[in-house]
Amino acid sequence: MAPRCWRWWHWLGWPRIRPPSASNSTNSGFYRHFSAQKNPQICVVGSGPAGFYTAQHLLKHHTQAHVDIYEKQLVPFGLVRFGVAPDHPENVINTFTQTARSDRCAFRGNVMVGKDVTVPELQGAYHAVVLSYGAEDHRRLEIPGEELPGVCSARAFVGWYNGLPENRELAPDLSCDTAVILGQGNVALDVARILLTPHEHLEKTDITEAALGVLRQSQVKTVWIVGRRGPLQVAFTIKELREMIHLPGTRPILDPADFLGLQDRIKEVPRPRKRLMELLLQTATEKPGAGAARQALATRAWGLRFFRSPQQVLPSPDGRRAAGIRLAVTRLEGVGEATQAVPTGDTEDLPCGLVLSSVGYKSRPIDPSVPFDSKLGIIPNVEGRVVDVPGLYCSGWVKRGPTGVITTTMTDSFLTSQMLLQDLKAGLLPSGPRPGFTAIQALLSSRGVRPVSFSDWEKLDAEEVSRGQGAGKPREKLVDPHEMLRLLGH
């Protein structure tokens, strides 16, 4: 039987091409013959940063390439729209808009790849397919009580206040005094900041009106941000920490005992980490007189709890909702990257009415035809080339896991597009013309799916901006897909 990768080539009707090598030099002329694909049709799945950066690089470095960007939402930009905190507006949307307006690029929203159209169908219509659909799920805690009301993922909470349609009905109960966030990354600090920011500061952002209404009624006064390891292992950055420290009307709660001996240990760490540790240390050991006036006026507080791992969500007496969380006390074993938190056997109960899990995002498999490593939550790949599936690529979080910032994703996406262009130049992709969206449009039409274009998005964008102007906001996000389609006349 032929190797799996050759079976794929044959099934898709592609020529069986082996990479040129010293032992296969007779193929070099064959390669040159197929390397002149002048108008490649390329498909990108996902319109977040990974998708747009991939498209941008392809269009820049191949002047005849055409790129279609497929997106399951009616609107583009992924986590730039739905993940970035409303008080942290991102200007990369302007760059992505220029890419989408290119006459060699098209946005195809309202199309769920894997359901409305399969990946093999896309492969049959395009010379290459790049999967850039990100990490759409969250990692579960896998502890008793996780299903109780009052417990939700930070991802869903962020989606709720940012207007992600699937989270618009979340309606978190903020009638409690104390909230606990499990995880110590930037998302955890974003969520804590939104919970504690005076609502008059949020009123001028693009946070949804529904979320703002709930936050105005919030009774949350204290937020604990819990991590299983110590200060040296926190995953947030100095910008987010500095904002928390200077958040109006709040005071930090840090236990100086958690920072004993840290001064000597941070001397050898890289500069960005050293600056972060110095700020944490300074805040934890600040003398009572410093900032006392500001702290005296503070009506809300946030704190970092280290060396604690969630063990169980504790129910209320009637068992109907979360009333606290049991934390296992941990200690560190190992050094450097191998440092692990291990339970000491001791536990601590922390009363709270809201538990937000921020222990990581997770990618989902998109189509049975695409290899997927469920343990790592990524598509197995070598520099963006999907293992054993020629012509299929991946970029962003589904390629490397949910780590890094937008700049990291940009670099990663450029690398994937470079690999694709190398393969195109080497003749490793189909040589003949491909129909691209023409073929997919016919399939979608037969299945009752109506894609939306970038010009459709611009109509929705104008409507959002118009609605926001009346309230002094940059925009009021549309959150109901049915309303969006109605506005577009679909």
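The values are calculated or read from the model by the stated rules, or taken from the named source; none is laboratory data. Note that the coordinates shown come from a computational prediction; the quantities given were computed from them, not determined experimentally. All Cβ positions, glycine included, derive from the backbone under ideal geometry; neighbour counts span all protein chains shown. Side chains included, ligands, DNA and RNA excluded: accessible areas come from the protein's heavy atoms. Shrake-Rupley method; radii C 1.70, N 1.55, O 1.52, S 1.80 Å.
Could you list, in sequence order, the residues of the range 444-477 that are open to solvent by 50 Å² or more (accessible area, probe 1.4 Å), among the hydrophobic types (A, V, I, L, M, F, W, C) and either free of Cβ contacts under 8 Å to residues at least 40 places away in the same chain or outside any loop (DSSP other than H, G, I, E, B) (or both)?
Listed by number, the list holds a single entry, Ala462.
Look at the range 52-100 and say how many of its residues are at negative phi and either touching a Lys or Arg at 6+ places or on another chain (Cβ under 6 Å) or not aliphatic (A, V, I, L, M) (or both).
33
Being at pLDDT 95 or above and either part of a loop (DSSP other than H, G, I, E, B) or among the β-branched types (Val, Ile, Thr) (or both) is the filter here, so list the residues in the range 369-387 that pass it.
Residues satisfying the conditions are Ser369, Val370, Pro371, Phe372, Ile378, Ile379, Pro380, Val382, Glu383, Gly384, Val386, Val387.
Could you check how many residues of the range 361-379 are in contact with an Asp or Glu (Cβ under 6 Å, 6 or more places away or on another chain) and buried (at least 16 other Cβ atoms within 10 Å of the Cβ)?
The number of residues fulfilling the criteria is 1.
Filter the range 362-406 down to the residues that are touching a residue at least 24 places away in the same chain (Cβ under 8 Å) and basic (Lys, Arg), then identify the one that is farthest from Val84 (Cα to Cα).
Looking at residues that are touching a residue at least 24 places away in the same chain (Cβ under 8 Å) and basic (Lys, Arg), I get Arg385.
Hey, can you tell me all the residues within the range 63-94 that are surrounded by fewer than 16 Cβ atoms within 10 Å (Cβ to Cβ) and under 20 Å from Leu421 (Cβ atoms)?
The answer is Thr63, Gln64.
Taking interchain pairs and intrachain pairs at least six residues apart, which have beta carbon atoms under 8 angstrom, with the first residue in the range 244-256 and more than 21 Å from Ala85 (Cβ to Cβ) and the second part of a loop (DSSP other than H, G, I, E, B) and among the β-branched types (Val, Ile, Thr)?
Qualifying pairs under 8 Å: Pro256/Thr285.
Residue by residue through the range 388-427, note down the ones that are polar (S, T, N, Q), part of a helix (DSSP H, G or I) and surrounded by 17 or more Cβ atoms within 10 Å (Cβ to Cβ).
Matches in the range 388-427: Thr409, Ser413, Thr416, Ser417.
Sort out which residues of the range 340-360 are in a strand (DSSP E or B), open to solvent by less than 20 Å² (accessible area, probe 1.4 Å) and out of contact with any helix residue (DSSP H, G or I) (no Cβ under 7 Å at 6 or more places or on another chain), and write them in order of number.
Within the range 340-360, Leu350, Leu354, Val355 qualify.
Within the range 428-443, which residues are farther than 15 Å from Val44 by Cβ and either part of a helix (DSSP H, G or I) or free of Cβ contacts under 8 Å to residues at least 24 places away in the same chain (or both)?
Within the range 428-443, Gly432, Thr438, Ala439, Gln441, Ala442, Leu443 meet the criteria.
Give the range 98-116 a look and list any residue that's open to solvent by less than 20 Å² (accessible area, probe 1.4 Å) and free of Cβ contacts under 8 Å to residues at least 24 places away in the same chain, or say none.
none
Identify, from the list Leu241, Leu281, the residue that is at pLDDT 95 or above, open to solvent by less than 40 Å² (accessible area, probe 1.4 Å) and of a type outside the set (Val, Ile, Thr).
Result of the check over Leu241, Leu281: Leu241.
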